[in-house]
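Take a look at the structure below.
Where a number appears in this text, it was derived from the coordinates with a stated rule and is not lab data. From a predicted model like this one, the values you see are computed outputs, not experimental measurements. With ideal geometry, Cβ positions are generated from the backbone for all residues, glycine too; neighbour counts draw on all protein chains shown.
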There are 2 protein chains.
Amino acid sequence: MAKTKTDMREAVMTAARATVQSHGYNALSFRELAKEVGIKSASVHYHFPTKGDLGAALARRYTEEGAAYLAELLATSEDVTCCMDKYTEIFRSALANDNRMCLCGIMSAELDDLPTEVRTEVDKFAAMNVGWLAKVLSRAKPSATDQDLQEHAMAIFAAIEGAQLVARGCRDIGIYDRTIRAYRATGLVP
Amino acid sequence: MAKTKTDMREAVMTAARATVQSHGYNALSFRELAKEVGIKSASVHYHFPTKGDLGAALARRYTEEGAAYLAELLATSEDVTCCMDKYTEIFRSALANDNRMCLCGIMSAELDDLPTEVRTEVDKFAAMNVGWLAKVLSRAKPSATDQDLQEHAMAIFAAIEGAQLVARGCRDIGIYDRTIRAYRATGLVP
DNA sequence: TTCTGTCTGTCTATCGATAGATAGATTGTA
DNA sequence: TACAATCTATCTATCGATAGACAGACAGAA
């Protein structure tokens, strides 16, 4: 069972993703990363020439996986409320998994220090989420304008990212749950 | 007009605060900081023995200043809506000021790397904000239970932090404005 | 007043650790 | 043999932190 090049790339990305979600992009170190996957840091550079390449690959993959999951959800799920249940659960599970954050949420906080190629990918993640949310909302409010849908979707996305950030800061997932409940009580989240 | 010790401490804290609000705690460097205020890094250590001391002092000061402003606001302002206008304006002004973030919001993202003394101060900031918001909300809903007020206050705080995070990520203060407007349309923010 | 010792704030110089990155040798497989 | 993947070894830059020197301010004693 020899490790192929692809296997190694995957292992590096998996470890890197966990680190970034816990400690941010700046805390990502080639040496630590290499130690975790059992190779040397020079070998990590073989797979990802620069740290920016790795960061951009992480964010791109993160967006792709999220988009795939959400597309599946939209295709199979019944109603809007159920979609939103599943959506908020995604962000909840990051917290439940060792108090981690959304990869792109935590990278947003480090925005000014990110290489441009990483920043580009982070932007796409937000756009993908808002686009999906707008599509879901359009089911509940078919008469709403595109602009209204976009703004509502953006508000939901921002509110959920904020709930995750604050709950993580308090190291209390209960805060996330109660905050989401409050969002739903007001109708912000259907 | 010789610089007193207090003057120097203030100058260091002012520069440090700007750096943290733009780039986070990890990006705060004693050397860069010293260069900005025109001394050497060893002299910064004279005023703040460790980086943790500086970070904790920053967060404490930030909370104190915020609390003072909010207390004044609560004492003088007329209605709940006006208080919330002023409150959301605080977070807006950080964005308007070179796309900066709430000091404690950006530090929350770096939570796991913060010295404990810094973390403690960051926690207090969130508690102070939620406490104030609950007090404001109690004016509009005098019959609500303390727990309801706390949860609603937490939801507002989280939503606003999230709006700031996302708008900053997009480098578009208009997103903040539209998101706040959406929060108010749903009644999340009075 | 003048001398003397102490304190304050800043300096230079340096430490050990760690960062990302690279060149070139080496191993294993086809 | 040729290529893919990893290695060793090293570079430069930066980090927080510390030791020790030094200049100026100031207080009390002569």
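For the range A:57-130 versus the range B:63-99, the spacing of their alpha-carbon centroids is 31 Å. Across peptide A:103-116, the average count of Cβ atoms from other chains found within 10 Å of a residue's Cβ is 5. Remark: for residue pairs A:K124/B:K86; A:K86/A:K141; A:K51/B:K35; A:K86/A:K135; B:K51/B:K124, the C-alpha separation exceeds 23 Å in A:K124/B:K86; A:K51/B:K35.
Distances between copies of A:R181, taken at a point 7 Å out from Cα along the Cα→Cβ vector and listed shortest first: 3.3 nm. Annotation for the range B:103-190: trypsin sites (Lys or Arg not before Pro) lying in DSSP loop with at most 15 further Cβ atoms inside 10 Å of their Cβ are B:R171. Working note: Cα atoms of the range B:56-186, range along each principal axis, descending, whole Å: 42, 33, 25. Taking Cβ atoms as reference points and 13 Å as the exclusive limit, the residues near A:A163 contribute a net charge of -1, counting Lys and Arg as +1 and Asp and Glu as -1.
Nearest chain B C-beta to the B/A rotation axis, reported as residue and distance in angstrom, is B:G162, 1.
Highest GNM mean-square fluctuation among B:T63, B:T116, B:T76, for chain B modelled with Cα contacts below 10 Å: B:T76. Over the C-alpha atoms of the protein assembly as shown, the Rg to Rh ratio, Rh being the Kirkwood estimate, stands at 0.99. Spin-label model, A:E32/A:I90: points 7 Å from Cα along the beta carbon direction are separated by 2.6 nm. Taking 0.36 nm per residue of sequence separation and removing the Cα-Cα distance, the B:D53/B:E117 pair yields an extension gain of 22.3 nm.
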